[in-house]
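Report on one structure; see the data block that follows.
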Amino acid sequence: MELLIDRLDDSPLPLVFEVAADWVAERFGPAQAGFALDAPLRVSLRAGRMGAGVHLQGELRGALALRCGRCLTGYSAPLRESFRLVLEPAGARTPQDPEGAESLAAEGLYLCDDLEVGWFRGNRVRLDRFVAELLALGQPLQPICSENCGGLCPVCGVDRNARCCDCPAPPRPSPFAALGALAAGGKA
């Protein structure tokens, strides 16, 4: 995904990029077990010049193939992340962090901490790192297939969405148990 700066002017230019599953596997690797694309990602954006800078606004859409954190079932989750990115010319500035300096040199793009502002250098800006960041932020922290997922039984391991089991529910610890232990310790 490459943006050619010299082709941009004051009126925003619509651009569309499709991201294939092998791109995600290359960026995230096998370490991201349970995370893959269920449908190709589509990056739609409008890019235009703002003085010497560049303004990007758009959306990342697709579907993620995830594994439920409660029942371990695979499911498809829609992904829709809107974004806005304002890039300034880097000029003679160099990022303090080595990874940022490497990214600016190799890809022509340095992203600041908030992912809405960055620097660019040169005429070609690669958006791969930016899209990978958006994709990582779009993943749920705790993937759950449905709000009322019963999960796995902690005693026998049966999937409670498929069938019921007769296992007794484990006792819930009291949130005041620590206070009781302190009170008991103070009396002794």
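Here are some notes:
- Whole-percent carbon and sulfur share, accessible surface of the chain, 1.4 Å: 54 percent
- Per residue, the accessible area of the chain comes to 62 Å² when a 1.4 Å probe rolls over the protein heavy atoms.
- For the chain, the longest principal axis of the alpha carbon atoms and the long axis of helix 177-187 meet at an angle near 60°.
- Shape class of segment 94-136 from the Cα gyration tensor (axes a ≥ b ≥ c, square roots of the eigenvalues): oblate, since a/c reaches 1.5 or more and a/b does not exceed b/c.
- Calculated diffusion of segment 40-126, Stokes-Einstein form, Kirkwood radius summed over Cα pairs, 25 °C and 0.890 mPa s, µm²/s: 164 µm²/s
- Working ranking of peptides 123-132, 76-85, 147-156 by packing, defined as the average number of other Cβ atoms within 10 Å per residue, highest first, is 123-132, 76-85, 147-156.
- Charge tally in the Cβ shell below 15 Å around Ala77, where Lys, Arg are +1 and Asp, Glu are -1, Ala77 excluded: +1
- Correct option for Rg and Dmax of the Cα atoms in Å [calculated from the coordinates] among (i) 19.3, 67; (ii) 16.1, 53; (iii) 23.9, 80: (iii)
The values are calculated or read from the model by the stated rules, or taken from the named source; none is laboratory data. For clarity, every value in this text was computed on a predicted model and none was experimentally measured. Note that each Cβ is placed from the backbone with ideal geometry, even for glycine, and that neighbours are counted across all protein chains shown. To get the accessible areas, we keep the full protein, side chains included, count just its heavy atoms, and leave off ligands, DNA and RNA. Shrake-Rupley method; radii C 1.70, N 1.55, O 1.52, S 1.80 Å.
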